[in-house]
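Heads up, the thing below is written out as structure tokens.
The values are calculated or read from the model by the stated rules, or taken from the named source; none is laboratory data. All values reported here derive from a predicted model rather than from experimental measurement. As a convention, Cβ positions derive from the backbone with ideal geometry for all residues, glycine included, and neighbour counts pool all protein chains shown. Surface areas here come from the heavy atoms of the whole protein model, side chains and all, with no ligands, DNA or RNA. Shrake-Rupley method; radii C 1.70, N 1.55, O 1.52, S 1.80 Å.
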Amino acid sequence: MLHHVLFVASPEQIRLTKLALARVHAVPIGTPNNLSEAFHLQNVYLEHITLNVHLISNLDAITPHLRRNPVDLLIYDERQGGIEARAALHKIQTDTMAFGELWGPDFIFPMSRVVAILGDDRNEAQRAFELGRVQVRDVYVAPQNTANILRWLKRVLTQSLVRSDRVGMALSGGGLEGFLYQVGVLHALDKSTIGRPLRSVDAYSGISSGSICASLMAGNVPTAEVIRAMHGKSDVLPPLHGSIMFDLAATNIGKRLVKTALTATGIDPTRWVRKMMRAIPTGIFKGETLKAYMRDAILTYGHEDSFENLSSELYIGATDQDTFEHVTFGKTPWRNITVSDAMRASCALPPFFTPAQINGRWFIDGQVTKTCNLELLVQRQCRLIVIIDPMKPLATMIPGSVDKKGGVFAVLQTIKALVHTRFHQTLTHLTERYPDVDFLVFQPDEECAQLMAGMPMRYKIRTEIVTAAYRQTLRQLRERHGVYSAKLSRFGFNLKSPSELLELERREHDILETGT
């Protein structure tokens with residue numbers, strides 16, 4: 001497999017490294033800018049690994065390089081007059097942290113992707129210990145020759161890492177608007193790649209409304225057909241209207257009210273208040289019409305309503321309402337249930353949808369306890385994970401703007417912020433712990449966040465969210481083309497050129513109306 005290496009050192013050490021690369025028959029390759037020189041290297045000491053090695057002598061050029069190029073391993077070499085490793089790596093860590101905050105969570109560059117070459121063995125143990133405290137993966141002191149360095153790189157790039165070509169997709173929640181955002185992103189990804197189809201992903205994880213898209217993807221239901229169904233133009237799927245999402249739980253509400261009304265409370269106001277609190281329904285909508293729609297869609301495209309029958313692994317997260325344990329359907333002992341039941345349980349967001357009862361337990365929205373179950377996909381040996389997370393709050397620099405929109409808006413923004421913070425912390429931890437796993441993250445930009453800033457359970461399906469998400473995804477793929485293209489191509493997904501992506505964006509209306 002091809003690995004991308006960034007070698008940072010003094011100008012003199014760069015000169016010596018170029019001579020060493022020439023001796024091992026590395027081939028110069030062109031670069032789109034003058035920030036670095038690059039070489040392609042295959043060598044017996046690396047065995048099955050091939051390297052694209054970029055050489056940089058300026059620490060300030062690292063983050064501009066990361067913006068345009070993938071980096072699997074950064075080597076800092078302090079020899080031949082370079083800055084002492086501890087000082088250099090402190091600057092690298094500071095700069096890459098600021099870079100990740102600016103460019104987003106899939107541009108977090110962990111120090112576990114950094115190794116150091118020290119010039120001599122003075123205070124070797126102390127310096128190695130201090131570098132280890134900042135999570136540097138490995139340290140090599142005064143290597144004697146190029147062969148030793150290549151053997152070391154081979155060991156660093158292969159030991160204690162995930163050695164798999166599996167791809168995962170994690171989809172978070174966000175109500176109806178989150179579902180619409182995910183549909184737009186998925187359709188853009190489907191149109192933007194050639195070669196391996198998007199539905200060949202090895203494992204899907206879906207939580208809350210993300211479980212709907214995950215089930216459709218695992219059930220091989222085309223996103224284009226879902227979009228046609230939203231417009232009432234599908235020849236395969238029935239029209240997908242808001243009434244399908246929201247079927248009033250009238251019977252449940254009526255039973256609670258009647259039971260309370262017929263129960264005598266006397267004149268004790270405290271007992272009356274307690275009774276009225278119990279009369280408040282746990283959900284306004286049943287979710288059964290949506291469950292039936294998704295079940296029929298999966299059956300229509302040749303799959304049974306079963307985790308066992310799908311062509312890809314599918315995991316759906318829900319929360320036990322009584323124990324508040326996160327339960328993963330599709331994983332033992334919760335594998336022998338229907339996909340539609342699992343999806344219904346995962347979407348049971350209080351107080352909108354009534355809890356779902358499965359095997360004697362009551363379940364509510366999975367996002368109460370997890371954002372999108374990334375850990376599971378890493379455990380399933382996925383080395384590339386595509387994340388679609390609509391739960392990002394609308395940020396504004398205008399003081400008091402949230403307060404002016406009232407309490408409901410403030411509560412929703414607070415929930416989104418809590419979920420978003422939890423997701424960011426989880427992703428940062430996994431990126432540091434599993435440095436060979438790549439993540440591509442799609443979250444709402446300002447335009448999408450504006451459209452999604454209202455109630456998460458609007459009755460009307462607003463296809464402008466699909467359009468905005470589609471357009472944002474194409475723009476993100478163009479802006480980060482160098483990095484995304486390299487990451488995707490490793491696994492057979494070939495990203496179209498920036499000019500082709502721009503053409504898709506220009507044709508957005510036709511594509512989203514017809515799905516072609």
(Q) Looking only at the range 202-245, how many residues end up being farther than 30 Å from P355 by Cβ, of a type in the set (V, I, T) and outside any helix (DSSP H, G or I)? (A) 1
Q) Regarding F493, is this residue modelled with pLDDT of 85 or more, of a type outside the set (D, E) and either surrounded by fewer than 21 Cβ atoms within 10 Å (Cβ to Cβ) or closer than 21 Å to D106 by Cα (or both)? A) yes
Q. Could you say whether any residue in the range 370-378 is more than 12 Å from the chain's Cα centre (by Cα), under 30 Å from G287 (Cα atoms) and in contact (Cβ under 8 Å) with a residue 12 or more places away in the chain?
A. yes
Q) Would the range 88-95 turn up any residue that is hydroxyl-bearing (S, T, Y), closer than 19 Å to R433 by Cα, at pLDDT 90 or above and open to solvent by less than 40 Å² (accessible area, probe 1.4 Å)? A) no
**Q.** Hits in the range 67-83 - residues which are under 17 Å from A9 (Cβ atoms) and either open to solvent by less than 60 Å² (accessible area, probe 1.4 Å) or modelled with pLDDT of 95 or more (or both)
**A.** V71, L73, L74, I75, Y76, D77, E78, R79, G82
Q: Please find, within the range 15-52, the residue that is modelled with the lowest pLDDT out of those that are open to solvent by less than 90 Å² (accessible area, probe 1.4 Å) and in contact with an Asp or Glu (Cβ under 8 Å, 6 or more places away or on another chain).
A: T31
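Please specify each residue of the range 110-158 satisfying the condition of being basic (K, R) and either open to solvent by 30 Å² or more (accessible area, probe 1.4 Å) or in a loop (DSSP other than H, G, I, E, B) (or both). Before you say what the answer is, go through the steps one by one.
Our first condition is that a residue be basic (K, R); within the range 110-158, this holds for 113, 122, 127, 133, 137, 151, 154-155.
R122, R133, R137, R151, K154, R155, listed by residue number.
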Q.
Filter the range 232-244 down to the residues that are open to solvent by less than 60 Å² (accessible area, probe 1.4 Å) and touching a residue at least 12 places away in the same chain (Cβ under 8 Å) and list them by number.
A. L237, L240, G242, I244
Q: Please state which of the following conditions D106 fails to meet, knowing it meets all the rest: (1) surrounded by fewer than 18 Cβ atoms within 10 Å (Cβ to Cβ); (2) modelled with pLDDT of 85 or more.
A: (1)
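Restrict the check to the range 338-357 and report whether at least one residue is under 15 Å from the mean Cα position of the chain (by Cα) and either among the hydrophobic types (A, V, I, L, M, F, W, C) or under 14 Å from G173 (Cβ atoms) (or both).
Here is the first cut: in the range 338-357, the ones under 15 Å from the mean Cα position of the chain (by Cα) are none.
Within the range 338-357, none of the residues are under 15 Å from the mean Cα position of the chain (by Cα) and either among the hydrophobic types (A, V, I, L, M, F, W, C) or under 14 Å from G173 (Cβ atoms) (or both).
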